[in-house]
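Student: Okay, here's the structure, questions in a sec.
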């Protein structure tokens, strides 16, 4: 099946839209193939503000208005507890919220941006997608991440080379409770590092300690600037270490 065939069969659909590479291309493709496709963006403490801004910018470039839904990601006990199945419970919360609103708006089909490179074993949330009947056209049509980036570049989408960005909850060690305060500390730290020019990195936390993981190409610079990084991040963390293996 091609995406054009998919949207011919599903011309009226809602899209769980994150503003990342995959959902951005899926939105573009749906519009190109004449579908009435409405993007729904869920704003919670798990998504940093720059993701929200990117989502709005992408929609504006395509001439569509996203429906923004505010969700308390920590209202679910199993999400807050941060066990191994956190992603499943979080996905159920998010997708159920979108499904309820989309149904009110007259949509019975919900799509997401899971692609053919995403292995089910690495994505606990996929079980939730299956249970809720969410369709993943990119995966169904066999489109991999490299192909989606190439097609996005050809389409002129600024998201084509956007790094993958897992939600802030993934920074907290499994089994340690997630709090709004901890998420805010992580976001402040990553925002500052972004402003310094670091890319595709993570600030991971265990207790009140932070571990900075940067790509191998940025390790030398991070080592040199570690004293300044520690000074800046010390307001939120008791210790800041640099992962010597890189990311």
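Student: What FRET efficiency comes out for the pair residue 5/residue 105, r = Cβ-Cβ distance, R0 = 30 Å, nearest 0.05? Walk me through the intermediate numbers first.
Tutor: Values: r = 25 Å, r/R0 = 0.83.
With R0 = 30 Å, the Cβ-Cβ based efficiency is 0.75.
Student: Note the full-extension length gain between residue 12 and residue 243 as 0.36 nm times their separation in residues minus their Cα-Cα distance, in nm to one decimal. It would help to have the intermediate numbers written out before the result.
Tutor: Values: separation 231, 0.36 × 231 = 83.16 nm, distance 4.67 nm.
Gain on stretching residue 12 to residue 243: 78.5 nm.
Student: Provide 23, 238 in ascending order of the number of other Cβ atoms located within 10 Å of each residue's Cβ, fewest first. Write out the running numbers ahead of the final one.
Tutor: Working: 23 24, 238 9.
Least to most surrounded, the residues fall as 238, 23.
Student: For a Förster distance of 35 Å, can you work out the FRET efficiency between the beta-carbons of residue 158 and residue 206, rounded to the nearest 0.05? Display every interim value, and only then the final one.
Tutor: Details: r = 35 Å, r/R0 = 1.00.
E(calc), rounded to 0.05, equals 0.50.
Student: OK, next. Just to confirm my numbers, what's the Cα centroid distance between the range 1-71 and the range 161-237 in Å?
Tutor: Distance between centres, Cα-based: 28 Å.
Student: Need one number: the % of Cα-Cα pairs in the range 179-242 sitting beyond the 19 Å mark. Before the final figure, lay out each step's value.
Tutor: Details: 404 of 2016 pairs.
Everything past 19 Å amounts to 20 percent.
Student: If the viscosity is 0.692 mPa s and the temperature 37 °C, what Stokes-Einstein diffusion coefficient in µm²/s follows for the range 170-209 when Rh is the Kirkwood radius over Cα pairs? Kindly include the intermediate steps, with their values, before the conclusion.
Tutor: Numbers: Rh = 10.7 Å.
The calculation lands on 307 µm²/s.
Student: Enter the angle in degrees (range 0 to 90, nearest 10) between the Cα long axis of helix 145-155 and the first principal axis of the Cα atoms of the chain, meaning the one along which they spread out most.
Tutor: That helix lies at roughly 70 degrees to the long axis.
Student: Okay, moving on. Relative to the present Cα-Cα distance, how much length would full extension add between residue 216 and residue 132 at 0.36 nm per residue of separation? List each step's numbers first, then the result.
Tutor: Details: separation 84, 0.36 × 84 = 30.24 nm, distance 3.92 nm.
Contour length minus Cα-Cα distance gives 26.3 nm.
Student: Next question. For a test of the definition: using alpha carbon positions, the gyration tensor, and the 1.5 limit on a/c, classify the range 3-161 as rounded, prolate or oblate. Please list the in-between numbers first.
Tutor: Working: a/c = 1.43, a/b = 1.38, b/c = 1.04.
Verdict is rounded for the range 3-161.
Bear in mind that the values in this text are calculations on the coordinates, not laboratory data. All of these numbers come straight from a predicted model, not from anything done at the bench. Cβ: placed from backbone, ideal geometry, glycine included. Neighbour counts: every protein chain shown.
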